[in-house]
Amino acid sequence: MEVSITSGTPEKMQAGIVAVGVFNDGLLTAAAQTIDTASNGKIAAMLKRGDLEDNAGATLMLHDVPGVAAERVLVVSLGKKEDFGDRSARDALNSIAKVLAGSNAIDAVVCLSDTTMPNRTMASRVQLATRVLADGAYKFDAPKQKKSAKVRGVKKVTIVVPKVDPALETAVKNGMAIAAGMAVTKDLGNLGGNVANPGYLASTAQSLGKEFGFAVEVLERADMEKLGMGSLLSVGRASYSPCKFIIMKYEGGAKGDKPIVLVGKGVTFDTGGISLKPGALLDEMKYDMSGAGSVIGVFKTLAQMKLPINVIGLVPAVENMPGGNAARPGDVVTSMSGLTVEILNTDAEGRLILNDALTYAERFDPACVIDVATLTGACVVALGAHASGLYANDEALAAELLKCGIDAGDRAWQMPLWEDYWPQLKSNFADMSNLGGAPGGSITAALFLSKYATKYKWAHLDVAGTASVGGDAKGATGRPLPLLAQFLLERAQAA
Ligand code: BES
Ligand code: MN
Ligand code: ZN
């Protein structure tokens, strides 16, 4: 989908759809008011009849409205005027995106930005709207025997702004780049584990690197053995798909600028290993490479935004399978850091690959390291599907990420990284065990990682609850790519 901006009056705009917002109790936005005036009160009359529901995001499509150039008027509820803010704006935008994606119209005009939203600049609103609308048009190219002949969905969206300027043009470009990165993340997540295996993640990174001009290197098992990545290799041992360690290097900054290092958990399928998972919803463990998917995807975003910073992406990619060669509970492995780990549960495998990646990250003398992982079911219990769990060994970095999450409409929530939890990871046979037990399971997982992230500022995002959704809308969400992209954008602006 294409997105652009324009200024002008909505009733004169030629398009398949023109979308305008209204508040509860018949309060019209300026754009809705112009349409209402041009049509001799069509919107007011419709609202008076009570056809539009009160909740933000409720929609009604009006056809052939007199005095309006567009074929259809999409009226969107913004909820109560006094409550208007990020949540209602997001609900309204998501609804518009859904209607546009399912519509037969070819193009649309969206007028929401004339509504006052405190705490957001016009550029921030345009970037977010562009991202949500473009991402809403994402469709997974499912391998079905019969493809539908006509693909529905609006191809071109114009957002109406008070005045077109270069900052807003950049905001559109950035929003598009974020949605493009999210499509990569979603595709990788949605593909089955038989296709999206460690080799597939590596070749995807390599082809993106070629297309968008960043370097990609892939370490094989022998390389990882030489580095001493005994923890990582223990996880992938029993899979027919060999382990890969993917290194991406984007050099947009000056030579001496310390890089930001992003690390993504790339378990392409998590059976649990010998500590086999139960069968229910096991298909969703194809999303266990979502951290990796967001890191690979954000390299596309980064390259398209051409940010003047240096960024390294590290993806330990493995498949966690049971088998005659698999690691067992009770095995002790030696990580690249030298720390030994007693594996008490082979299903706590994410931390066993991330620890070696975190040690590998030291060689880049990073400005900071952020890892992204579908790490624990406990995080889903704690925060559900709305916030990613955030942990950090540096409060300023944590605050920065929390703010970027709000700006990007992709929020995180900070969790404690207290040493008080450490006794849960004690082992009689190694420096630590990989299992902290049920209480505070997301916290002990993060605390485990923190023992490997000692030489730099580090943050960890547990995205087990946010990277995918189940149910009827089952699929990858592309999160936390918007948060990561916002972080890179704001670091680039500060540079
Ligand atoms: N990949 C899972 C975590 C997960 C669970 C992600 C649900 C998404 C949805 C992870 O590898 C795992 O199995 N974690 C275990 C850890 C436990 C054995 C300490 C868990 O959360 O149960
Ligand atoms: Mn697991
Ligand atoms: Zn896992």
Handout entry: Residue check, Leu74 in contact with an Asp or Glu (Cβ under 8 Å, 6 or more places away or on another chain) and either modelled with pLDDT under 95 or part of a strand (DSSP E or B) (or both)
Key = no
Practice task
Identify the single condition in (1) within 19 Å of Thr268 (Cα to Cα); (2) in a helix (DSSP H, G or I) that Leu133 does not satisfy, given that it satisfies every other one.
Solution key: (1)
Exercise for the section: Restrict the check to region 206-223 and report whether at least one residue is assigned to a helix (DSSP H, G or I), out of contact with any Asp or Glu (no Cβ under 7 Å at 6 or more places or on another chain) and closer than 26 Å to Asp462 by Cβ. Expected result: yes
Completion exercise
Expected single match for in contact (Cβ under 8 Å) with a residue 12 or more places away in the chain and out of contact with any helix residue (DSSP H, G or I) (no Cβ under 6 Å at 6 or more places or on another chain) among Lys163, Lys210 is Lys163
Problem - Any pair with Cβ under 7 angstrom, 6 or more apart, that starts in region 259-284 at a residue that is farther than 17 Å from Thr185 by Cα and of a type outside the set (Val, Ile, Thr) and ends at one that is away from ligand 2 (no atom under 12 Å from the Cβ) and assigned to a strand (DSSP E or B) - result: Pro259/Asn310; Pro259/Val311; Pro259/Ile312
Practice task
Could you run through region 235-275 and say how many residues are more than 12 Å from ligand 2 (Cβ to nearest atom), assigned to a loop (DSSP other than H, G, I, E, B) and not basic (Lys, Arg)?
Solution key: 12
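In the list Ala19, Ala15, which residue meets the criterion of being assigned to a loop (DSSP other than H, G, I, E, B), under 30 Å from Ala180 (Cβ atoms) and hydrophobic (A, V, I, L, M, F, W, C)?
Values: Ala19 fails: assigned to a loop (DSSP other than H, G, I, E, B).
Just a single option satisfies the conditions, and that option is Ala15.
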Exercise for the section: Taking Leu100 as meeting all but one of (1) surrounded by fewer than 21 Cβ atoms within 10 Å (Cβ to Cβ); (2) of a type in the set (A, V, I, L, M, F, W, C); (3) within 24 Å of Ala179 (Cβ to Cβ), write down the number of the exception. Expected result: (1)
Practice task
Search region 348-360 for residues that are more than 10 Å from ligand 3 (Cβ to nearest atom) and pair each with any residue that is of a type in the set (Asp, Glu) when their beta-carbon atoms are under 6 Å apart and the residues are at least 6 apart or on different chains.
Solution key: Leu354/Asp371
Practice task
State whether the residues of region 450-464 include one that is assigned to a helix (DSSP H, G or I) and buried (at least 22 other Cβ atoms within 10 Å of the Cβ).
Solution key: no
Completion exercise
Reported set for region 276-297 where residues are in contact with a Leu (Cβ under 9 Å, 6 or more places away or on another chain) and within 14 Å of ligand 2 (Cβ to nearest atom) is Lys286, Met289, Ser290, Gly291
Exercise for the section: Scan region 251-275 residue by residue and report those that are surrounded by 24 or more Cβ atoms within 10 Å (Cβ to Cβ), on the phi < 0 side of the Ramachandran plot and either among the aromatic types (Phe, Trp, Tyr) or within 13 Å of ligand 3 (Cβ to nearest atom) (or both). Expected result: Gly264, Lys265, Gly266, Val267, Thr268, Asp270, Thr271
Practice task
Would you check if Ala137 is more than 27 Å from Lys80 (Cβ to Cβ) and either among the hydroxyl-bearing types (Ser, Thr, Tyr) or in contact (Cβ under 8 Å) with a residue 24 or more places away in the chain (or both)?
Solution key: yes
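Output the residues belonging to region 180-199 that are part of a helix (DSSP H, G or I) and touching a strand residue (DSSP E or B) at 6+ places or on another chain (Cβ under 6 Å). Before the answer, list the steps.
The first filter runs over region 180-199 and keeps only residues part of a helix (DSSP H, G or I), leaving 180-190, 198-199.
Result: Lys186, Gly189, Asn190, Pro198.
Mind checking which residues of region 281-294 are away from ligand 1 (no atom under 11 Å from the Cβ) and either over 13 Å from the mean Cα position of the chain (by Cα) or in a strand (DSSP E or B) (or both)?
The initial filter retains those residues of region 281-294 that are away from ligand 1 (no atom under 11 Å from the Cβ), namely 283, 292-294.
Within region 281-294, just Asp283 meets the criteria.
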Problem - Qualifying residue in region 421-433 (condition: surrounded by fewer than 24 Cβ atoms within 10 Å (Cβ to Cβ), in contact (Cβ under 8 Å) with a residue 40 or more places away in the chain and at positive phi) - result: no
Fill in the blank from the handout: When Pro278 is run through (1) out of contact with any strand residue (DSSP E or B) (no Cβ under 6 Å at 6 or more places or on another chain); (2) more than 16 Å from ligand 3 (Cβ to nearest atom); (3) not in a helix (DSSP H, G or I), the failure sits at (2)
Problem - Residue in region 30-37 that is hydrophobic (A, V, I, L, M, F, W, C), under 29 Å from Tyr138 (Cα atoms) and buried (at least 19 other Cβ atoms within 10 Å of the Cβ) present - result: yes
Exercise for the section: State whether one or more residues within region 315-327 are assigned to a loop (DSSP other than H, G, I, E, B), more than 19 Å from Lys244 (Cα to Cα) and within 13 Å of ligand 2 (Cβ to nearest atom). Expected result: no
Problem - Single residue of region 323-347 satisfying the filter (more than 17 Å from Gly437 (Cβ to Cβ) and within 16 Å of ligand 3 (Cβ to nearest atom)) that is surrounded by the fewest Cβ atoms within 10 Å (Cβ to Cβ) - result: Ala326
Completion exercise
From the option list Gly26, Gly8, Gly41, single residue qualifying as more than 37 Å from the chain's Cα centre (by Cα) and more than 18 Å from Val154 (Cβ to Cβ) is Gly41
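Condition check: farther than 27 Å from Lys455 by Cβ and within 12 Å of ligand 1 (Cβ to nearest atom). Does Thr268 satisfy that?
Working: farther than 27 Å from Lys455 by Cβ: yes; within 12 Å of ligand 1 (Cβ to nearest atom): yes.
Spelling it out, Thr268 is indeed farther than 27 Å from Lys455 by Cβ and within 12 Å of ligand 1 (Cβ to nearest atom).
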Completion exercise
Scanning region 361-378 residue by residue, those touching a residue at least 40 places away in the same chain (Cβ under 8 Å) and over 10 Å from Leu461 (Cα atoms) turn out to be Ala361, Glu362, Phe364, Asp365, Pro366, Ala367, Cys368, Val369, Thr376, Gly377, Ala378
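The values are calculated or read from the model by the stated rules, or taken from the named source; none is laboratory data. Bear in mind that the values here come from a model prediction, so they are computed numbers and not experimental data. Backbone-built Cβ (ideal geometry, glycine too); neighbour counts: all protein chains shown.
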